[in-house]
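The values are calculated or read from the model by the stated rules, or taken from the named source; none is laboratory data. Bear in mind the structure is a predicted one, so any value in this text is a computation, not a measurement. Glycine also receives a Cβ, built like all others from the backbone with ideal geometry; neighbour counts cover every protein chain displayed. Only protein heavy atoms, including side chains, enter the accessible area calculation; ligands, DNA and RNA are left aside. Shrake-Rupley method; radii C 1.70, N 1.55, O 1.52, S 1.80 Å.
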Amino acid sequence: MTTGKIHGLLVVSTIFSLAFGSGYSTKPNIVIILIDDMGMNDVSFHGSNQILTPNIDALAYNGILLNKHYVPNLCTPSRATLLTGKYPIHTGMQHFVIITDEPWGLPPRERLMPEIFRDAGYSTHLVGKWHLGFWRKDLTPTMRGFDHHFGYYNGYIDYYDHQVRLLDRNYSAGLDFRRDLEPCPEANGTYATEAFTSEAKRIIEQHDKSKPLFMVLSHLAVHTGNEDSPMQAPEKEVAKFPHIRDPKRRTYAGMVSSLDKSVAQTIGALKDNGMLNNSIILLYSDNGAPTIGIHSNAGSNYPYRGQKESPWEGGIRSAGALWSPLLKERGYVSNQAIHAIDWLPTLAGAAGVSLPQDLLLDGINLWPMLSGNEEPKPRTMIHVLDEVFGYSSYMRDTLKYVNGSSFEGRYDQWLGELETNEDDPLGESYEQHVLASDVQSLLGNRGLTEDRIRQMRSEATETCPPVEGQNPVEPHFKCEPLKAPCFFDLAKDPCERYNLAQVYPLQLQQLADEVEQLRKTAIPSARVPHSDSRANPTFHNGNWEWWNNTDTQSSSGTFSINLWLAMGSIIGLVYPNLL
């Protein structure tokens, strides 16, 4: 070997040692910050000045602002999609969320993201919400690939006492808070966002850097708590929003503000422990906000149509951001259509983690495209295909097909329009507010300027421009999905106001045929939609805990599934347009 080559190797070795240190893992740390039920209009990088989120915004402006990020429209299907890389119709998780005392969960046959990353040498952690089943112990997080879990199993808990109270059941209230498999009552009284942030910081601070870190920080916020006290936030956070008149929306703002602080503290822990420069941070909301109806939190998806648990953009389009120094291009707004199915292959690709050939993923590796800021490529996505509740939502490139709807169409409108004259006074100096944020300080400036912030924010703000030559009030543009399928061109009509079904009937039929082909690939639902009284916390020392360690599925569960599917068939006969 020549002297020059030896010198070159020494230089590379020295740079490597300075970057990672002796004994450090070379694989990137991966931190997924999963927000619960936050609307597109509830982060300020999409243009609203009512609730400012300077830390979340700084993360987006310094990384990639994911402007067309899609997710399933409900908690359980969305989380299953993230961890499997598959559509809910291909895992059996397509119909509903897991109710606290229902005996079902994400089938054990599915290999999950934490299992794959753990096999690749990662230390794997879940902090916060699970909501993928706990009726059997083998369905819980530490049995599904996570080395450690600190959090809860159900869809929500009280923000302070961490109990779940089912008001329509004759059950006692039960604690749903665990450190691994053991109940954790000592966290009682700590606001959930703060408890999860403290645990995330502890994990990072104590992390053995000879192994890479994989952590899902799955917040309760901004989902509601129990129905008898749904809106909860620290008073000091709520007090920051006197300009919001509606007390529910004001409390919601406090919940968002606490979450924004958490993002800064989590990133700060990575920086303090020397891990930030070799990390990938993904942040997004699991689905749109429920503005009205069940578990409504006063969140806003406006000006997009619909909300959580609907087929519309307001339910399936999610605020999101991706940051990493490993990205070749940063500081831009991505209009590449991305779905939660893509994060398993994308993060694996970024980390150099090989995926088993038999996974049969629906998602694709978008890391090269995102990292290089490549021209967006067309995608085909099935957003909803629900045989039981009878509606579908499908997209091919920019063409959107909707057939049927949820809750008899109650969520089919444009919900959550913000009140006028309720902007935060700090919004007048918004760009300076972002540049002065904790996250901006932690990430370094990298040339981010007020002008660049204004440009990116403008690109990510939807104004729903009118379509030339078309009037949405004309009868043939009206969409009534409970009566007939609807068809939209999102490139011109992102807010789904102009139904083109009567204008382009052949294209409508093509989209309908494509949905039918996808329907043939769906597997039966795993849902068992009946209560099992063995779940009552009274039988488990006042805790919500697994209650069956033997049955893979009870006979009553099998009967319930068959009955549920039969009900769906009857609905299809009575209301054929729903299916």
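Remarks
- Matching residues in the stretch 358-401 - criterion: being β-branched (Val, Ile, Thr) and closer than 24 Å to Ile30 by Cβ: Ile364
Here is a yes/no grid of residues against (1) surrounded by fewer than 15 Cβ atoms within 10 Å (Cβ to Cβ); (2) within 26 Å of the chain's Cα centre (by Cα):
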{"site": "Glu417", "(1), (2)": "yes, yes"}
{"site": "Asn421", "(1), (2)": "yes, no"}
{"site": "Gly444", "(1), (2)": "yes, no"}
{"site": "Gly447", "(1), (2)": "yes, no"}
{"site": "Glu474", "(1), (2)": "yes, no"}
{"site": "Cys479", "(1), (2)": "no, no"}
{"site": "Val515", "(1), (2)": "no, yes"}
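- Cβ-Cβ distances below 7 Å connect the following pairs, each with a first residue in the stretch 141-162 that is assigned to a strand (DSSP E or B), a second residue that is among the basic types (Lys, Arg) and open to solvent by 10 Å² or more (accessible area, probe 1.4 Å), and a separation of six or more residues or different chains: Phe150/Arg179.
- A single entry from Phe241, Phe214 fulfils the requirement of being of a type outside the set (Ser, Thr, Tyr), over 21 Å from Leu34 (Cβ atoms) and either outside any loop (DSSP other than H, G, I, E, B) or open to solvent by less than 10 Å² (accessible area, probe 1.4 Å) (or both): Phe241.
- Unmet criterion (only one of (1) in contact with a Gly (Cβ under 8 Å, 6 or more places away or on another chain); (2) modelled with pLDDT of 95 or more) for Leu74: (1)
- Meets criteria (surrounded by fewer than 21 Cβ atoms within 10 Å (Cβ to Cβ), charged (D, E, K, R) and farther than 19 Å from Ser324 by Cα) for Arg250: no
- Failed condition for Val222, given (1) farther than 23 Å from Asn73 by Cα; (2) touching a residue at least 60 places away in the same chain (Cβ under 8 Å); (3) in a loop (DSSP other than H, G, I, E, B); (4) not small (Gly, Ala, Ser): (1)
- The set of residues from the stretch 424-478 being touching a His at 6+ places or on another chain (Cβ under 8 Å) and more than 30 Å from Ala491 (Cα to Cα) comprises Asp424, Pro425, Leu426.
- Within the stretch 262-293, the set of residues being closer than 21 Å to Arg79 by Cα and either free of Cβ contacts under 8 Å to residues at least 12 places away in the same chain or acidic (Asp, Glu) (or both) comprises just one member, Asp286.
- Unmet requirement for Phe488, which otherwise passes all of (1) outside any helix (DSSP H, G or I); (2) surrounded by fewer than 20 Cβ atoms within 10 Å (Cβ to Cβ): (2)
- When residues of the stretch 119-130 are limited to those that are open to solvent by less than 10 Å² (accessible area, probe 1.4 Å) and in a loop (DSSP other than H, G, I, E, B), the one nearest to Lys211 (Cα to Cα): Tyr122
- Residue match in the stretch 98-107 (condition: assigned to a strand (DSSP E or B), over 23 Å from Asn277 (Cα atoms) and open to solvent by less than 10 Å² (accessible area, probe 1.4 Å)): no
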